[in-house]
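Asker: Attaching a single structure in structure tokens format; questions to follow.
The values are calculated or read from the model by the stated rules, or taken from the named source; none is laboratory data. All of these numbers come straight from a predicted model, not from anything done at the bench. Counting neighbours? That spans all protein chains shown, and the Cβs are built from the backbone with ideal geometry, glycine included. These area figures cover heavy atoms from the full protein model, side chains too; ligands, DNA and RNA do not enter into them. Shrake-Rupley method; radii C 1.70, N 1.55, O 1.52, S 1.80 Å.
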Amino acid sequence: MTNDFDATAIDRYEHETWSRCADTYLDGFAGLTRETLPLLIEAAKVGTDCRVLEIGSGPGHIAEALMQTGATVTGIDFSAQMIDVANRRYPHITFKEANAEDLPFDSGTFDAVVSNFVVHHLARPEVAFKEVCRVLKPGGRFAFTVFAAPEAQSSIGAFFEAVEVHHSADELPHGPLFGVTDLSVYKSMLHAGGLTNLEFDFCKIMWRTKTPDPIVESFWSWGNMAALPQEVQDRIEATTRENLQPYEQEGEYAFPHEVLLGSATNP
């Protein structure tokens, strides 16, 4: 990992990308990201009467599920479009437009902080980790998930392979933890943020769908594929669907993924 990152470019790219995905997320990527919920609940020790902050709450589906444990949940996201969707779908939950690097809460406010598939999108994760530590109560828990090795992400791989065949695979702006599985990197940043009692685990999850459509539509929005010429889009879609076909099993599609689950404590 190098330190050669343009944080401003990363912030701009991530904001534009996830704002564009706001209206389609619940019908697509949510099918994958909700699979890590039991892992986060256990790692962050979320339960009744627990005050929880979700960083990068997107359209609100994880916050809603966290509430089912009896916790009081607040969600923040840097995309106004995502917050609008969350407020419409889950009006009984508090959502705020905010950046993980500058959390709008007093110190020691929360018993737990969770972040689901967000840390690897952050331009300055070490700053966000300091903020997590600040808003946690003493002894409070932080739990997060990120994707593990790229080759262990079946649905993502199917799409990227298709793009590489039919279009230039220019590297997109990404944060310093994107694709990182070296635990020493996370340990260094989390410790620098003031967090202790670090624990990590590599976990298997499955994205199940009746058809490949939600996956194709999710990546179409995420990758802004509509900006490409129609004939290029058609070729990429055809190859993506071909790459997804081997994962069909008895009338449904099952896509294996591996994630890194991390947790830490505010001492």
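Asker: What value in Å³ per residue do you get for the convex hull of the alpha-carbon atoms in the stretch 183-225?
Answerer: Roughly 129 Å³ of hull volume per residue.
Asker: Taking Rh as the Kirkwood radius, which is the inverse of the mean 1/r over Cα pairs, what is the Rg/Rh value for the stretch 109-254?
Answerer: Computed over Cα atoms, the ratio is 1.05.
Asker: Quick check: pseudo-label points 7 Å beyond the Cα along Cα→Cβ at His92 and Glu151, how many nm apart are they?
Answerer: 4.7 nm
Asker: Give me the angle, in degrees from 0 to 90, between the Cα long axis of helix 125-135 and the longest principal axis of the Cα atoms of the chain, rounded to the nearest 10.
Answerer: 40 degrees
Asker: What are the semi-axes of the equivalent ellipsoid for the stretch 1-54, taken as the square roots of 5 times the Cα gyration tensor eigenvalues, largest first, in whole Å?
Answerer: So the equivalent ellipsoid measures 28, 19, 12 Å along its semi-axes.
Asker: Out of the total accessible area of the chain (probe 1.4 Å, heavy atoms of protein only), what percent is carbon and sulfur?
Answerer: C and S atoms contribute 49 percent here.
Asker: Using only Cα positions of the chain, each an equal point scatterer, no hydration layer, compute I(q)/I(0) via Debye at q = 0.09, 0.10, 0.12, 0.14 Å⁻¹ and quote the log10 values to two decimals.
Answerer: Results for the chain at q = 0.09, 0.10, 0.12, 0.14 Å⁻¹ read -0.40, -0.49, -0.72, -0.99.
Asker: Between Rg and the Kirkwood Rh of the stretch 17-93, both from Cα atoms, what is the Rg to Rh ratio?
Answerer: So for the stretch 17-93, dividing Rg by the Kirkwood Rh gives 0.96.
Asker: Can I ask one more? What accessible area per residue comes out for the stretch 57-208, rounded to a whole number of Å², with a 1.4 Å probe?
Answerer: Here the per-residue accessible area is 43 Å².
Asker: With an 8 Å Cα cut-off and a minimum separation of 6 or more residues, compute the relative contact order for the chain in percent.
Answerer: Reported as a whole number, the value is 24 percent.
Asker: Any idea how far apart Gln68 and Glu231 come out in nm if each label point goes 7 Å out from Cα toward Cβ?
Answerer: According to this spin-label approximation, the distance is 4.8 nm.
Asker: While we're here: For the stretch 18-162, what is the convex hull volume of the alpha-carbon atoms per residue, in Å³?
Answerer: Output value, Cα hull per residue: 113 Å³.
Asker: Using a Förster distance of 41 Å, how high is the FRET efficiency between Glu42 and Ala192, based on the Cβ-Cβ distance and rounded to 0.05?
Answerer: 0.95
Asker: Ratio to report: Rg/Rh of the stretch 99-187, with Cα atoms as the point set and Rh obtained by the Kirkwood method; give two decimals. Working shown, then result.
Answerer: Details: Rg = 16.2 Å, Rh = 15.0 Å.
My calculation puts Rg/Rh at 1.08.
Asker: Sticking with this structure for a sec: Take peptides 86-94, 112-120, 29-37 and line them up by average Cβ neighbours within 10 Å, highest first, as a rough protection proxy.
Answerer: On the way: 86-94: 15.0, 112-120: 25.0, 29-37: 20.4.
Highest mean packing first, the order is 112-120, 29-37, 86-94.
Asker: How far, in degrees from 0 to 90, does helix 7-20 lean away from the longest principal axis of the Cα atoms of the chain, to the nearest 10?
Answerer: That helix lies at roughly 70 degrees to the long axis.
Asker: Follow-up. Based on DSSP H runs of at least 4 residues, each adding -39500 (n - 2.57), what is the mean residue ellipticity at 222 nm of the chain after dividing by all its residues, to the nearest 500 deg cm²/dmol?
Answerer: For the chain, the value works out to -11500 deg cm²/dmol.
Asker: Angle between the Cα long axis of helix 183-192 and the longest principal axis of the chain, 0 to 90 degrees, nearest 10?
Answerer: Result, in degrees: 40.
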